[in-house]
1. Can you pull a Stokes-Einstein diffusion coefficient for the stretch 269-350 at 25 °C (0.890 mPa s), Rh from Kirkwood over Cα pairs, as a whole number of µm²/s?
2. If I histogram all Cα-Cα distances within the stretch 310-356 using bins 10 Å wide from 0, what percent of pairs lands in each bin?
3. Using 7 Å Cα-to-Cβ label points, what is the Glu399/Gln335 separation (nm, one decimal)?
4. Working out 0.36 nm times the residue gap between Lys344 and Asp362, then minus their Cα-Cα distance, what length gain in nm do you get to one decimal?
5. Suppose the chain between Ser299 and Glu70 were pulled fully straight at 0.36 nm per residue; how much longer would it get relative to their current alpha carbon spacing?
6. How large is the accessible surface per residue of the stretch 351-400, computed with a 1.4 Å probe and reported in Å² as a whole number?
7. Probe of 1.4 angstrom, ligands and nucleic acids ignored: what's the accessible area per residue over the stretch 231-309, in square angstrom?
8. Dividing the Cα convex hull volume of the stretch 340-400 by residue count, how many Å³ per residue is that?
Amino acid sequence: MLAGALCSCQKEEVPSDPSTDTTENENSDYVEKTVLKTEQFDVSDGVPVKLDFMGAEGYLTAVNVSVGGEEKDSLDLREATEAVLGHKEGIYSSDGTYSFMTRDVNLDGKTDFLIEGWKGTEGNTPYFCYLWNENRGSFEYAFHVVSPMFDAVSGRIYSTVFEDGNEYVYMYRLFEGTLVDDGYFSLSDSVEFSVDLSEYEQYMSPADRDGFLMLLNKTNSVDANYVPENMINVVNTRKDGRATQKMVETAEKALEALYLEMYAAGYTDVSVTSAYRSYEYQGTLYNNYVNSEMNKGLSREDAEKEANKYSALPGTSEHQAALCCDMHNLPSASQAFENQEAYKWLCDNAWKFGFILRYPKDKEDVTGYIFEPWHYRFVGRYHAEKIHNFGLCFEEYLELIK
């Protein structure tokens, strides 16, 4: 059940309440309802709530509710929802599996009261919940909030929901103490392409889903002896006399798929100008950039500061991991690539092949580098799709999923 359908509050049949059926029928005998579980607590501003979960043979069928001392006995699930929330909106599974709990949903240090419901008991996460809104003194529909991930920079909350074997990511914002729905997307196990890329699926969406999240940046480095295993030639290396570039096999094969689809879309002039770089070669590049800045009249200290904006010290470059490449259709890497139609295609489609734009615009303070529209990093489709939809850079995403 997706977010749009939730808002329409489509009702499923609620199990009949055996306490309302005092006679035997031809299908089943009446079984007296008992209290399966009791929960008592105060919501965040002190309003007392007491819930008696009623059922027969471990099967939840009704709830006795007391809010602020006002009691309502033997309510069915729909009526209990109305008693606690003030309205009947909700979705109910046929097996009556529900959870009532307290948790700090808003991540504001205050405990919120939630009513969550499951659609089935295996392989699913709660697919609706309500929370106590302290500002309004009422229970309100709160969308999916399961194991929330909070991005303090954007003020967004992300929540992953599994339903019937599918994975969805829901996005919210906090607005005046209330969760505001920012939409959702379904994670794609596979993607439709205009050409047959089935043989590349194992690379674009590798079985080792988290095996390509190595972080190399100004504060995370490798030593001079680090050389990745399983590197192969990059098929789409620019044919201008330069050495054939290399990448880790999984990343390179995913890149081949990207190029096949990109060519089919009409963008045939983009090529790879740089991929794997050794520690020594990166050191040579960095020193050349520093010398170039000094030739402009800068002191060595100022020249290094300037070079640090666009070049990495040896050991801190992503290129040493052989999981990234520079690709564009210009004589040399330039921010002017941003104005090319091919760049726009990459922005929309690179994630499908497991690649992310590594140094986005407006993320310089986080990545430590200027906007590089030519630099793409392989992480696998599962994470690339999330990074793309969240609008985060790699550092922000890794911090989020911790």
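The values are calculated or read from the model by the stated rules, or taken from the named source; none is laboratory data. From a predicted model like this one, the values you see are computed outputs, not experimental measurements. No Cβ is skipped: glycine too gets one built from the backbone with ideal geometry, and neighbour counts run over all protein chains shown. All accessible areas refer to the heavy atoms of the entire protein, side chains included, with ligands and DNA or RNA removed. Shrake-Rupley method; radii C 1.70, N 1.55, O 1.52, S 1.80 Å.
1. Values: Rh = 14.2 Å.
Answer, rounded: 173 µm²/s.
2. That works out to 22, 44, 31, 2, in percent per bin.
3. Reported label-point gap for Glu399 and Gln335 is 2.2 nm.
4. Working: separation 18, 0.36 × 18 = 6.48 nm, distance 1.68 nm.
Computed gain between Lys344 and Asp362 is 4.8 nm.
5. Numbers: separation 229, 0.36 × 229 = 82.44 nm, distance 7.65 nm.
Gain in length upon complete extension: 74.8 nm.
6. Working: 1390 Å² over 50 residues.
Roughly 28 Å² per residue, with all protein chains present.
7. Working: 4060 Å² over 79 residues.
Result: 51 Å² per residue.
8. Details: hull volume 4.5 nm³, N = 61.
Normalising the Cα hull of the stretch 340-400 by residue number yields 74 Å³.
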